[in-house]
Amino acid sequence: MHVWSNLMLVLGAADSTRVLIPRYLALGTSNNKLELRRAALLAALSNRSLCLPPIVHGRTGDTTPEQVPISELYDLEALGRFVSIGEANACDATRATATLCGDLCRRDGGPRTGTIVVAGRGVPNDALRAVDALGLADVFVASGCLFWPQIPISAYLLLWHHLYKPPAVLRRVALARNTLFGGQAYVSVHWRFEEYKCGRKRRLPLGLCQRETFSPVAGPMLVVTPQQLADVIVAAAADRPVFLATDGRLRGHGRLVDEVKSLVAQRTQIRELHDAPASLSGLSASAVMELEQGICADSAFHLGSGMSSWDWEIFYTRALRMGDLATFETAFHLENLHREIRGPAPDELKRAILAPRPDAPFALLDVHLREMVNRTSEYPGS
C-alpha cells in the first residue's frame, strides 16, 4: 500500500527510534507554524516521532525575538493523537547526531541529499518518491516550507482535525472577545503591512500597498487610499462591529491605523486589542499574535490576505467550524497552489480555484480593494 493511502494505519504507531525534526527557515512566526504543520504531516506519513523545537518569534524585526514553545501554539495532547510526539531529551540527543538534512524548498543553498530529491518547484511527483524514501534514515531534519501541491486534501483535513489551541489561549480569546464586543457578532479584518515587498523592495507606502492574489508573482502592487480601505471594511462589516488585527502599530504606523479607524468609526464600530489594554497585560508578543488570530477565528466573517500564512490559519479554522469542506479546499489551494496559479494561468482559472465562494466565511481583502479601486477609477465622483 502506498504511503499516502496508508496514513490512517501509521498514526500513533511511530517507531520511537525514528524521528523528524522540523527546521524553521522562514522568518515569520506564522510561516514557521506552517512549516511545523507540514513537518507533522510528513512525520505521520513516514511513521516517525515528531520533535518540537521552539519557534523564534520576532525574526522579522518588528519586536524583540523570543523563543516560543510549541505547547503555547497548539494543544499537544490533540496533536499527539495525529502524530507521535518525540520526548524532548531524546530529540535533543538525536539532533546532535543527525547526519541527514533535507531542505525540501532548497532555501539554504545546501547540497541535495540522496533521500530528498524535491527542489522547491522541481518535478512535483518527486515529493511522493521522497516521502517513500524516508525509511533510509533514522534521523531526518526537514524544512516544511516545501511547495507541495500534490498532498491529498484528505490528509491535510485529518491533520487540521487535530490542531487545537491550548486551553489558556482559548480562555484569553474568550475574555478579550467579550470585553471588546460582549455577545455581539462581529467581522474581523487582518490589515497586513507588507514590510518586505512594499517598504524595502519597492518603496511603496506601508499599509496602503497590497499584493494581489490574482496578479502575476512579480506583478505591480495595488496602492490604495485610507478612504478606499475604510470603505471596503465598512462594506464587509454590513452594519456589524469590526475587529481590526494589524501589525501597523508595531511597524511605527500608528497614525495611519488611527486615520483608517476614524474613517470606519464614522459608520460602524471598530475595535482592536489596543482598545482593551487589560487583555494585553503580561502577554508576550507571540501571545498577542495568538490572541488576535483567535479573535479573528471566532468572528462571523473574516477579511484577510489570500497570500498570508497568518490568514490561512483563520481560513482553515473557520471552514472546519462550519463543516464546510469546499471552503476548506479553497484554503488548501490558497496555501499550496497560489504561487503557480498566479503565474501564467488564465484569470478565469485562478479565480475558479482560488477565489472563496460568495457564501464562504472569509473573503480576500486585496480582491475587494481592487474592485473598489476599479470602481473609483471608472466613476471618479462615486
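What the table below lists for this structure:
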{"read-out": "Test: residue in segment 243-250 that is out of contact with any Cys (no Cβ under 9 Å at 6 or more places or on another chain), farther than 27 Å from residue 330 by Cβ and open to solvent by 40 Å² or more (accessible area, probe 1.4 Å)", "value": "yes"}
{"read-out": "Qualifying residue in segment 313-335 (condition: at pLDDT 85 or above, among the aliphatic types (A, V, I, L, M) and more than 22 Å from residue 160 (Cβ to Cβ))", "value": "no"}
{"read-out": "Strands (runs of 3 or more DSSP E) completely within segment 55-118 that count 2 or more residues being modelled with pLDDT under 70", "value": "101-103"}
{"read-out": "Residue count, segment 346-361 (criterion: open to solvent by 70 Å² or more (accessible area, probe 1.4 Å) and modelled with pLDDT of 75 or more)", "value": "3"}
{"read-out": "Matching residues in segment 179-189 - criterion: being surrounded by fewer than 13 Cβ atoms within 10 Å (Cβ to Cβ) and out of contact with any Pro (no Cβ under 7 Å at 6 or more places or on another chain)", "value": "182, 183, 185"}
{"read-out": "Residue 262, sole failed condition from (1) closer than 23 Å to residue 308 by Cβ; (2) free of Cβ contacts under 8 Å to residues at least 12 places away in the same chain; (3) among the small types (Gly, Ala, Ser)", "value": "(1)"}
{"read-out": "Extreme residue, farthest from the chain's Cα centre (by Cα), among residues of segment 17-45 that are part of a helix (DSSP H, G or I), basic (Lys, Arg) and surrounded by fewer than 24 Cβ atoms within 10 Å (Cβ to Cβ)", "value": "38"}
{"read-out": "Boolean, residue 167 is out of contact with any strand residue (DSSP E or B) (no Cβ under 9 Å at 6 or more places or on another chain) and at pLDDT below 95", "value": "no"}
{"read-out": "Residue in segment 264-283 that is buried (at least 20 other Cβ atoms within 10 Å of the Cβ) and under 25 Å from residue 214 (Cβ atoms) present", "value": "no"}
{"read-out": "Test: residue in segment 4-13 that is in contact with a strand residue (DSSP E or B) (Cβ under 6 Å, 6 or more places away or on another chain), open to solvent by 10 Å² or more (accessible area, probe 1.4 Å), modelled with pLDDT under 85 and closer than 20 Å to residue 91 by Cα", "value": "no"}
{"read-out": "Close pairs (8 angstrom Cβ cut-off, 6 or more residues apart or separate chains): surrounded by fewer than 20 Cβ atoms within 10 Å (Cβ to Cβ) in segment 284-313, in a strand (DSSP E or B) and among the charged types (D, E, K, R) anywhere", "value": "284/66; 285/66"}
{"read-out": "Single residue of 263, 244, 256 found to be over 25 Å from residue 377 (Cβ atoms) and at pLDDT 95 or above", "value": "244"}
{"read-out": "All positions within segment 46-92 that are among the aliphatic types (A, V, I, L, M) and open to solvent by 10 Å² or more (accessible area, probe 1.4 Å)", "value": "52, 56, 76, 85, 88, 90"}
{"read-out": "Any hit, segment 215-235, residues being crowded, with 21+ Cβ neighbours inside 10 Å, of a type in the set (Ser, Thr, Tyr), within 21 Å of the chain's Cα centre (by Cα) and at negative phi", "value": "no"}
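The values are calculated or read from the model by the stated rules, or taken from the named source; none is laboratory data. These numbers were taken from a predicted model, which means no experiment stands behind them. All Cβ positions, glycine included, derive from the backbone under ideal geometry; neighbour counts span all protein chains shown. For accessibility, only protein heavy atoms count, side chains too; no ligands or nucleic acids. Shrake-Rupley method; radii C 1.70, N 1.55, O 1.52, S 1.80 Å.
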